[in-house]
Amino acid sequence: MLTFGQLMRPLLKRKNKLSYLFLVLGMIASAVISVWTTVSVQTGHSNMFSEGFGVRRLDIFGTFFMSFFIITITIFVLGEMIYFIASVYITEKINRSSTWRLAAISDNKFYIANILTSFLSLVYYSFLQIIVALISLGLGLVLSPDLRKGAHFSLGHISQSDLNSVITTMLLSVCLIILTNIFWYLIVGTYHFLSRTMIDFLPFANKFISATVKLMLLIVFFYISAKSIDMLSEGHFLGVIMRINDSTPLVNQIVLISLLDAVLLILNLVLFDRFIEAKQK
């Protein structure tokens, strides 16, 4: 029998290929846009960075690396959405793969390993993007006196209480983002497993009936997802139920999404173990 760790290694290797592809494409796009921004600023066609950094105009190194930093973060936010969709597709494909399902391990462990490695590959991609962004910012601070002066000017306007508040909010936000990403992986799997189970239990199912079942279930899941997002955005849902008056909206959201993740995980494990068979090629 395979151990959990032995199964995760090839799964991670398979999924991290996508991380490297997205990282390289993002770096190329950031470099091209940064060159264009630098030329615009240095030739006087743009006054970008002249206000918030306390300088009339950043020098060429400061402009390029600050542009690269900002654009990398922007592409990271947009690219992560596309990466997530591609990652979900790979995850569900592996769930139904007759080759991967031959692994000598229980279905429950296989499913958890598949979901966990998908999430870890997403975290790994995010980590690589952040490292690239921080390296560009660090190079800018080393090579550009103007950028160092601007950073000192900007940091001088931040109080200790503001800094503590920002750090706390960032940590809670990261936790919420992690749990939310897991939620979306799980809910896609729930939709896929339920639709497959319902179709398999029908006495007869042609393409039209299968498509109708999937469409109806998709509408239900869109409604559930919209309600979940609405509850998360309100932020006071659990505070009302639990009568916690001093809890922050982010903490309430974290508890709520944790409960949703737990329910979906248990449901998916039952469906995957009892009803989902590998798809024969």
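Criterion first (polar (S, T, N, Q) and either at pLDDT 75 or above or open to solvent by less than 20 Å² (accessible area, probe 1.4 Å) (or both)) does N245 satisfy it? Considered against the rule, which asks whether it is polar (S, T, N, Q) and either at pLDDT 75 or above or open to solvent by less than 20 Å² (accessible area, probe 1.4 Å) (or both), N245 comes out as no.
Of note, I130 satisfies the criterion of being in a helix (DSSP H, G or I) and under 18 Å from I178 (Cα atoms).
Quick grid of which residues meet (1) open to solvent by less than 60 Å² (accessible area, probe 1.4 Å); (2) closer than 30 Å to I82 by Cβ:
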position: R101; (1), (2): yes, yes
position: S106; (1), (2): yes, no
position: L116; (1), (2): no, yes
position: F119; (1), (2): yes, yes
position: S126; (1), (2): yes, yes
position: I130; (1), (2): no, yes
position: I135; (1), (2): no, yes
position: L139; (1), (2): no, yes
position: D146; (1), (2): yes, no
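Taken over the range 212-224, residues that are open to solvent by 60 Å² or more (accessible area, probe 1.4 Å) and modelled with pLDDT of 75 or more amount to 8.
Consider N47 carefully, then state whether it is in contact with a Lys or Arg (Cβ under 9 Å, 6 or more places away or on another chain) and either modelled with pLDDT of 80 or more or open to solvent by 40 Å² or more (accessible area, probe 1.4 Å) (or both). For N47, the condition - in contact with a Lys or Arg (Cβ under 9 Å, 6 or more places away or on another chain) and either modelled with pLDDT of 80 or more or open to solvent by 40 Å² or more (accessible area, probe 1.4 Å) (or both) - is met.
Of all the residues in the range 88-136, those that are touching a Lys or Arg at 6+ places or on another chain (Cβ under 8 Å) and free of Cβ contacts under 8 Å to residues at least 40 places away in the same chain number 0.
How many residues are under 19 Å from the mean Cα position of the chain (by Cα) and open to solvent by 30 Å² or more (accessible area, probe 1.4 Å) when one looks only at the range 4-15? Of the residues in that region, 3 qualify. Applying the condition of being open to solvent by less than 50 Å² (accessible area, probe 1.4 Å) and part of a loop (DSSP other than H, G, I, E, B) to the range 57-68 and asking which residue is modelled with the highest pLDDT yields D59. Filtered by the rule that a residue be modelled with pLDDT of 85 or more and either within 30 Å of V39 (Cα to Cα) or among the hydroxyl-bearing types (S, T, Y) (or both), the range 104-117 gives a lone residue, T117. Return the residues of the range 69-103 that are of a type in the set (A, V, I, L, M) and at pLDDT 80 or above; say none if nothing qualifies. Within the range 69-103, I70, I71, I73, I75, I82, I85, A86, V88, I90, I94 meet the criteria. Tell me whether the range 229-239 contains one or more residues that are among the small types (G, A, S), surrounded by 15 or more Cβ atoms within 10 Å (Cβ to Cβ) and at pLDDT below 70. The answer is yes, given that some residue of the range 229-239 is among the small types (G, A, S), surrounded by 15 or more Cβ atoms within 10 Å (Cβ to Cβ) and at pLDDT below 70. Just one of the numbered conditions (1) under 21 Å from L25 (Cα atoms); (2) outside any helix (DSSP H, G or I) is not true of I105: (1).
The values are calculated or read from the model by the stated rules, or taken from the named source; none is laboratory data. Here the structure is a predicted model, which means the values were calculated and not measured. Every residue, glycine among them, receives a Cβ derived from its backbone with ideal geometry; neighbour counts consider all protein chains shown. Ligands, DNA and RNA are stripped out before the accessible areas are found, and what is left, the full protein with its side chains, is counted by its heavy atoms. Shrake-Rupley method; radii C 1.70, N 1.55, O 1.52, S 1.80 Å.
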